[in-house]
1. Filter the trypsin sites (Lys or Arg not before Pro) in the range 94-169 down to the DSSP loop ones having no more than 15 other Cβ atoms within 10 Å, then list what survives.
2. Between L25 and K116, what is 0.36 nm times their sequence separation minus the Cα-Cα distance? Round to one decimal in nm.
3. Given the peptides 4-12, 91-99, arrange them by the average over their residues of other C-beta atoms within 10 Å, most packed first.
4. Taking 7 Å along the Cα-to-C-beta vector as the label spot, tell me the V130-V6 distance in nanometres, rounded to one decimal.
5. Amide H neighbours of A89 under 5 Å, counting only residues 5+ apart in sequence or on other chains, H built in-plane at 1.01 Å?
Amino acid sequence: MRFNSVGFALSVGMALIVVLFAFTLLSAAGLVGFSSQEFASGVEKPTTMSDTLAVSTKPTVSTPVSAEEAAQLAAGDALFKNNCAQCHAVDEQVVGPALAGITKRRPVSWLIPWIKNSSKLVAGGDEYAVALFNKYNKQQMPAFNLTDKEIRAILAYAASQELGAVAAGRAVAVR
């Protein structure tokens, strides 16, 4: 039996391409890798609850994660990956802004209608909505048919990712 080095090299090359493609997709989804800001600065994400986002007017923080909070984070994770991760990351700008600190920039009562239909807020002349629309080259965020509860789950998930709370066994509930 003869060894075919060209066939072997092609097989190994294709395998490497598949692995790199999978890593790229997982990295884009935020499932592997690290942010370039963390690498460059050597700064870790905050893990203390004193660094917690104001996710609502009165954030509720608990340790350990209750079944309800774990379910909210799991739902938020799935919803984020299916609806938001194509254009957003927690700690870095992608097509749209980074979601870290989003509830410090805008209240949840504003974010819910924005996520449901940003075009409506822009067309209505909302100052912040128009400024955001213009800042991101008039790139229209699609309208989402999500419930208020689903949007709150996404916001809780983003806050937990920013804090590293999921790994530490803590959650930030959005009510």
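We did not get these values from a lab; they are worked out from the coordinates using the rules stated. Only a predicted model underlies this, so the values are computations on that prediction, with no experimental measurement involved. Here the Cβ is made from the backbone with ideal geometry for all residues, glycine too, and neighbour counts use every protein chain on show.
1. Answer by residue number: K138.
2. Gain on stretching L25 to K116: 30.2 nm.
3. So the peptides 4-12, 91-99, ranked by packing, come out 91-99, 4-12.
4. 6.5
5. When sequence neighbours closer than 5 places are left aside, the close amide H contacts are V94, L99.
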